[in-house]
Amino acid sequence: MVDGCAPLLAKRGAWQGYLAGGVDLAIPTVATHETPLEAMPRVRDWRKWIADNDSLFHAASPSDLGTFAEGRLGIAFHFQNTTPLGESLDLLETYARLGLRMIQLTYNHRNAVGDGCMDPNDRGLTAFGRDVVAEMNRLGIVVDLSHTGHRTTLEAIDASEHPTVFSHSNAQRLFDHPRNITDTQIRAVAEGGGLVGVNTVSSFLRSDGVGANLSDLLDHIDYLVEMIGSNQVCLGLDFWIDGEPDFGEWTEAGLWTADDLSAHVGWPRGISGPGHIPRLRQGLADRGYSPEAIAGIMGDNWIRLFTEVWT
């Protein structure tokens, strides 16, 4: 079982909830808006924390994907922005050597790589952005397109030699929110062999987010599977805090607004934390998914892509 977006793991005791939920591999957010001087110590801290904990192991190569064992959680590093690069391609290789295995191109707003999903005018992938995608391909780092602008994502998919992913994005056709992705984006990433990971944040599931439940999340999975098949749908559940989040600091910094987050920020009834992930497996079974399809959505599709892209 793989959760492709697990920022909750930044809370050091949270790994126990992932093990309780049967997760074998989780992808925490190691850095987002940090500068290189801020991000590098975070990477070192994560490496030390994993090395000091017998219940964790660092997944950074295809061979690590065959070492899952009961009672141990694999962790692969993810940046939810390219800001930690500081516009330096050379830093990509340094981060890769430290085990970084997936980078999201933008976080809602424009950076040196391209535009975010909240930018009103998406001008697409920059020249530097094309260089970043090419270098990520060379180093075996997965290109993540969540939080990124429509045109920028399509140009990145076209530029990438390897499959790309929307690690934690839902279907815009079911709920028209800028954090969700269009049918065009869904088909494009699938045609390139990539994946779409469903997100549990209630604000991205339905317009009255306060009423969101597990069935709404399953509806997004159904929609994606009908369009691109079960072998290209996965989980990026995005649990990142216990209880109701406080977006005050990020709102003041201009990273989110109340409108961006719709009616409610939180998680659906029935699946509000990693310990509830087995309910998602059962929900898929109740909707008639085959054991093979369930295995793919719950984790095998991520493992296949990581095995292909990581070096």
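The values are calculated or read from the model by the stated rules, or taken from the named source; none is laboratory data. In this text, all values refer to a predicted model and were calculated from it rather than measured experimentally. All Cβ positions, even for glycine, are placed from backbone atoms using ideal geometry, and neighbour counts span all protein chains on display. These area figures cover heavy atoms from the full protein model, side chains too; ligands, DNA and RNA do not enter into them. Shrake-Rupley method; radii C 1.70, N 1.55, O 1.52, S 1.80 Å.
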Could you state how much accessible area Ile50 has, in square angstrom rounded to the nearest 10, with a 1.4 Å probe and all protein chains kept in place? 10
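Report, for the chain, the % of DSSP beta bridges that are antiparallel, rounded to 5.
Working: 2 of 25 bridges.
Here the antiparallel bridges make up roughly 10 percent for the chain.
Report the extension gain between Asp158 and Thr311 in nm, rounded to one decimal, defined as 0.36 nm multiplied by the number of residues separating them, less their alpha carbon distance. List each step's numbers first, then the result.
Details: separation 153, 0.36 × 153 = 55.08 nm, distance 2.11 nm.
Taking Asp158 through Thr311 to full extension adds about 53.0 nm, to one decimal.
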10 Å-binned pair-distance histogram of the range 1-59 (Cα, whole percent): 21, 55, 21, 2
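Taking K and R as +1 and D and E as -1, what net charge do the other residues with C-beta under 12 Å from the C-beta of Pro36 add up to? Walk me through the intermediate numbers first.
Numbers: positive: Arg42; negative: Glu34, Glu38, Glu87, Asp90.
Cβ neighbours under 12 Å give a net charge of -3.
Over all directions, what mean area does the Cα convex hull of the chain project, stated in square nanometres? Could the numbers behind the result be given before it?
Values: hull surface 55.4 nm².
So the mean shadow area of the Cα hull is 13.9 nm².
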Could you check the spin-label model distance between Asp52 and Glu191? Points 7 Å from the Cα along Cα→Cβ, value in nm. 4.9
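I need to check one value: relative contact order of the range 75-207, counting alpha carbon pairs closer than 8 Å and at least 6 residues apart, in percent. Please report the intermediate quantities before stating the final value.
On the way: 275 pairs, mean separation 25.4, N = 133.
That works out to 19 percent.
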For the chain, what does -39500 (n - 2.57) per DSSP helix run (n ≥ 4), summed and divided by total residues, give at 222 nm, in deg cm²/dmol to the nearest 500? -10000 deg cm²/dmol
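In the range 2-126, what % of DSSP beta bridges are antiparallel (nearest 5)? Display every interim value, and only then the final one.
Details: 1 of 13 bridges.
Percent antiparallel among DSSP bridges in the range 2-126 is about 10.
Report the net charge of residues surrounding Gly114, where surrounding means a beta-carbon distance below 11 angstrom and charges are Lys +1, Arg +1, Asp -1, Glu -1. The partial results should precede the final answer.
Details: positive: Arg110, Arg123, Arg130, Arg151; negative: Asp115, Asp119, Asp122, Glu155.
Neighbourhood net charge equals 0.
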What percent does the relative contact order of the range 28-133 come to when contacts are Cα pairs within less than 8 Å and at least six residues apart? 24
Ranking by accessible area, most exposed first, for Val225, Val196 with a 1.4 Å probe: Val225, Val196
Within a Gaussian network of the chain (alpha carbon springs, distance under 10 Å), most fluctuating of Ala134, Ala51, Ala76: Ala51
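Dividing the alpha-carbon Rg of the range 28-121 by 2.2 N^0.38 Å yields what? The partial results should precede the final answer.
Details: Rg = 14.7 Å, N = 94, 2.2 N^0.38 = 12.4 Å.
Relative to the rule-of-thumb radius for its length, the range 28-121 sits at 1.19.
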If you take the charge dipole of the chain about its Cα centre, with +1 on Lys and Arg Cβ and -1 on Asp and Glu Cβ, which of Ile228, Ala20, Asn199 is farthest toward its positive end? Ala20
So what is the relative contact order for the chain, in percent, with contacts set as C-alpha pairs under 8 Å and at least six apart? 19
